[in-house]
Amino acid sequence: MSRRRTLGTGKKIALFVGAASVAGGGAFVMASTSSASQAQQPRTKAADSGVCQGLATALGNNQKFIDGQRAAPDAQSAARIANRQAVIEQIKVQQKASGCAVGESAQGSQAAQPAAPAAPSAAPSAAASAPAASGRQVCNGSTVTLSGEGGAPAASSNQFPAGTTLKVTNLDNNKSTTVKVTSVSGSCVLLNNAAFEQVREPGKFLIRRAVIEKVG
């Protein structure tokens, strides 16, 4: 009887040690999984600051345009406002898909002014590729974003009337597009979706280093 009790106690100790090992192993696995999950979390939630800034600028420019139309309305203001509100809703969808703050707005396009001195030196090479379409440089220091509007390549501007031809060169990839201004916006030049696709870098909604030229 004594021997059976001793063996029973030994078995209990062995089972206890085994259970502790399994529990410890489980705790280690859980801790490792938790650590791996935490390590991966920033990568899944972090948003590209350039993409978010570009979308915020586009949203802000459209809001500024709407505010201007409401402050000085004309016969076409209601239609223009409705169009830009639809554009803003589309930008919000893009903000959500990109992991940005939905509804974040940044009016104006002066963030890249410190880089403006580099633009004139790079302009000749961009103009040399298409000399017939080069012109007088304007809006020095302005960044370029998109209006979110569809249709054929075109631009909108708060400085140039409809019918003005503008050439926009992205100095980061040396791509250019020459388009006509078709409507009013809240900045020097906003490109619609088709025009922006001709000069954008993949995944970016803002051109920080741009040369804008008035042609003709």
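The values are calculated or read from the model by the stated rules, or taken from the named source; none is laboratory data. Since this is a predicted model, take the numbers as computed values, not measurements. When we count neighbours, we look across all protein chains shown, and the Cβ atoms used for this are built from the backbone with ideal geometry, even at glycine. We work out accessible area using only protein heavy atoms, side chains counted, and drop any ligands, DNA or RNA first. Shrake-Rupley method; radii C 1.70, N 1.55, O 1.52, S 1.80 Å.
Here are the criteria: (1) surrounded by 10 or more Cβ atoms within 10 Å (Cβ to Cβ); (2) over 21 Å from Leu190 (Cβ atoms); (3) basic (Lys, Arg); (4) at pLDDT below 80. Tell me which single one Lys96 does not satisfy. Just one mismatch for Lys96, condition (4).
Entry remark, segment 156-169: residues being at pLDDT below 95, closer than 23 Å to Gly50 by Cβ and of a type outside the set (Ser, Thr, Tyr) number 0 in total.
Note on segment 174-216: residues that are part of a strand (DSSP E or B), within 17 Å of Gly163 (Cα to Cα) and open to solvent by less than 10 Å² (accessible area, probe 1.4 Å) amount to 6. Taken together, the residues in segment 121-149 that are in a loop (DSSP other than H, G, I, E, B), open to solvent by less than 60 Å² (accessible area, probe 1.4 Å) and either in contact with a Ser or Thr (Cβ under 7 Å, 6 or more places away or on another chain) or at pLDDT below 90 (or both) amount to 9.
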